[in-house]
Amino acid sequence: MYYTDALTDKKILLHACCGPCSLGAIEPLLSDGALITLFYYNPCIIDGEFERRLDALRTVAEHYSLPLVVPDHDYSAYLAYAEPYATDREGGARCGLCFADRLTSSAGYAFANGFDAFATTLTVSPHKDSRRIFSIADGISDKVGVPFLPRDFKKRDGFKLSCSLAAELGIYRQRFCGCEFSQPEISAAGGGDK
């Protein structure tokens, strides 16, 4: 189920994949009057990288005075479902499972803590299919019982905004999605922002 009401004074749990992408989502949500809590659940991100992104997200949370929830990081839980798809290209079945895992955890936390809706920063990246993310989130939303806010944050220059604000704040900006299986792909392609 999608959340379509006005956002003024509504509690929105924003699943945050990283600091830079969060910037592209926070600004439009705040301008709509939402009360945002950041949720950094990303078991897919390798150790070391996970901490670098969390440090950047903490800077963003402090900049906007937003609460930040950080569940335990368990990369082995990600590997349990992702390893069979290790050779998939980015955007394949592995990514769909990863989206579902992160969105399910976000929806569960939102439901348990009385949020009006949940959203994700995953749609800021031009490398992520927002329609696919919306479809996965809609199914999860129906099962868990908390609405999903279907915002394609890359629209209206959201990705560009995330890049410029990250530079202004001087925060780390990654060059791959975060999982070990995407690293060889990014290296072969010469890098790229995710």
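Just a few scattered comments:
- Remark: pairs (first residue in the range 138-162, small (Gly, Ala, Ser); second residue outside any helix (DSSP H, G or I); Cβ separation under 6 Å; 6+ apart in sequence or on different chains) = Ser141/Met1; Ser141/Pro147; Ser141/Phe148.
- Residue in the range 122-130 that is in contact with an Asp or Glu (Cβ under 6 Å, 6 or more places away or on another chain) and either in contact (Cβ under 8 Å) with a residue 12 or more places away in the chain or not polar (S, T, N, Q) (or both) present: yes
- Of the residues making up the range 118-147, those that are among the hydrophobic types (A, V, I, L, M, F, W, C) and within 22 Å of Ser162 (Cα to Cα) number 6.
- Of all residues in the range 141-167, none satisfies the criterion of being small (Gly, Ala, Ser), in contact with a strand residue (DSSP E or B) (Cβ under 7 Å, 6 or more places away or on another chain) and part of a loop (DSSP other than H, G, I, E, B).
- Any hit, the range 86-93, residues being touching a Leu at 6+ places or on another chain (Cβ under 7 Å) and either surrounded by fewer than 14 Cβ atoms within 10 Å (Cβ to Cβ) or on the phi < 0 side of the Ramachandran plot (or both): no
- Applying the criterion of being polar (S, T, N, Q), in a loop (DSSP other than H, G, I, E, B) and open to solvent by 10 Å² or more (accessible area, probe 1.4 Å) to the residues of the range 1-53, the residue that is modelled with the lowest pLDDT is Thr4.
- Residues of the range 140-186 that turn out to be open to solvent by less than 30 Å² (accessible area, probe 1.4 Å), among the small types (Gly, Ala, Ser) and out of contact with any helix residue (DSSP H, G or I) (no Cβ under 7 Å at 6 or more places or on another chain), as a count: 1
- Conditions (1) closer than 20 Å to Thr37 by Cα; (2) open to solvent by 10 Å² or more (accessible area, probe 1.4 Å); (3) touching a Cys at 6+ places or on another chain (Cβ under 8 Å); number of the one not met by Gly114: (3)
- Residue that is nearest to Ser135 (Cα to Cα), among those in the range 54-85 that are in a helix (DSSP H, G or I), open to solvent by 50 Å² or more (accessible area, probe 1.4 Å) and among the small types (Gly, Ala, Ser): Ala80
The values are calculated or read from the model by the stated rules, or taken from the named source; none is laboratory data. What you see is a predicted model, and the numbers here were worked out from it, not measured in a lab. Cβ: placed from backbone, ideal geometry, glycine included. Neighbour counts: every protein chain shown. What goes into the accessible areas is simple: the full protein's heavy atoms, side chains included, and nothing from ligands, DNA or RNA. Shrake-Rupley method; radii C 1.70, N 1.55, O 1.52, S 1.80 Å.
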